[in-house]
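The values are calculated or read from the model by the stated rules, or taken from the named source; none is laboratory data. Computed from a predicted model, the values in this text were never measured in an experiment. Cβ atoms come from the backbone with ideal geometry, glycine included; neighbour counts cover every protein chain shown.
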Amino acid sequence: MNSTLNDILERISQLEEELQTELKRRRDALQADFDNRRVHFEQAIVEQQRRFKTGLVQYITQADLRNAITAPFIYSLVVPMLALDVALTVYQWLCFPLYRIERVRRKDCWTFDRTHLAYLNVLEKFNCAYCSYGNGLAAYFTEIASRTEQYWCPIKHARRVRHAHSRYNHFVDYGDAEGFKAELQQLREQLQKLRE
């Protein structure tokens, strides 16, 4: 990879670190603290949050009709999501050891922390858990697919890829046959280093 691309990727990495620092500062301002992956708020913050809580009956009776109509379609996706989850897990447990690729840790993909928010009622918390599961599954899928792609075909596309995964920028340029042959083994070895 050329030095200009490396410089750009380094700047992006620095900006991501700055973003995380700012997000932590904002969490601190809300007095949210983490204790063994669990969020704790100061009591005054919890009391302030409860003032914004909508009761379950009021939430259901005042629901927008289009939201109520589409809810069964949204919840029905849990079946294919669970099937995908099982298929991905079996795939990586069978194939990744053969490729010497570190398996994706589930806990790195899913975050279920919205249940600690006092301003959400039980149905809102359930909906948040459902969305967290769906987005966590998307992250799990993306990480498994990106590791597979890096192992088998780490070549950039000719056209721009929207929402490319984190490994994509390190792939070999489209049309660079010499680079592909020279870098494939190195890219595979990077995956093996995840195990260390």
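Structural remarks
- No other residue among 48, 31 is at pLDDT below 80, polar (S, T, N, Q), touching an Asp or Glu at 6+ places or on another chain (Cβ under 9 Å) and surrounded by 10 or more Cβ atoms within 10 Å (Cβ to Cβ) apart from 31.
- Within the range 53-79, the residues that satisfy the criterion of being surrounded by 12 or more Cβ atoms within 10 Å (Cβ to Cβ), of a type in the set (Val, Ile, Thr) and at pLDDT 90 or above are 74, 78.
- Selection within the range 166-179 - at pLDDT 90 or above, in a helix (DSSP H, G or I) and under 9 Å from residue 154 (Cβ atoms): 168
- Where residue 103 falls short, out of the listed (1) part of a helix (DSSP H, G or I); (2) over 29 Å from residue 3 (Cβ atoms); (3) at pLDDT 90 or above: (1)
- Single condition residue 182 does not satisfy, out of (1) at pLDDT below 95; (2) surrounded by 12 or more Cβ atoms within 10 Å (Cβ to Cβ); (3) aliphatic (A, V, I, L, M); (4) in a helix (DSSP H, G or I): (2)
- Any hit, the range 131-142, residues being within 16 Å of the chain's Cα centre (by Cα), more than 21 Å from residue 193 (Cα to Cα), of a type outside the set (Lys, Arg) and at pLDDT below 95: no
- Yes/no for residue 63 being outside any helix (DSSP H, G or I), over 19 Å from the mean Cα position of the chain (by Cα) and free of Cβ contacts under 8 Å to residues at least 60 places away in the same chain: yes
- Conditions (1) in a loop (DSSP other than H, G, I, E, B); (2) more than 30 Å from residue 8 (Cα to Cα); (3) out of contact with any Cys (no Cβ under 9 Å at 6 or more places or on another chain); (4) not small (Gly, Ala, Ser): number failed by residue 130: (1)
- Within the range 102-134, the residues that satisfy the criterion of being free of Cβ contacts under 8 Å to residues at least 40 places away in the same chain and of a type in the set (A, V, I, L, M, F, W, C) are 109, 110, 112, 126, 128, 129, 131.
- Scanning the range 140-157 for residues that are touching a Phe, Trp or Tyr at 6+ places or on another chain (Cβ under 7 Å), of a type in the set (D, E, K, R), crowded, with 17+ Cβ neighbours inside 10 Å and in contact (Cβ under 8 Å) with a residue 12 or more places away in the chain turns up at least one hit.
- Within the range 124-154, considering residues that are aliphatic (A, V, I, L, M) and out of contact with any helix residue (DSSP H, G or I) (no Cβ under 6 Å at 6 or more places or on another chain), the one nearest to residue 172 (Cα to Cα): 145
- Put simply, of 185, 192 the only residue that is farther than 20 Å from residue 91 by Cβ and polar (S, T, N, Q) is 185.
- Just one residue in the set 191, 187 is touching a His at 6+ places or on another chain (Cβ under 9 Å), crowded, with 16+ Cβ neighbours inside 10 Å and at negative phi; that residue is 187.
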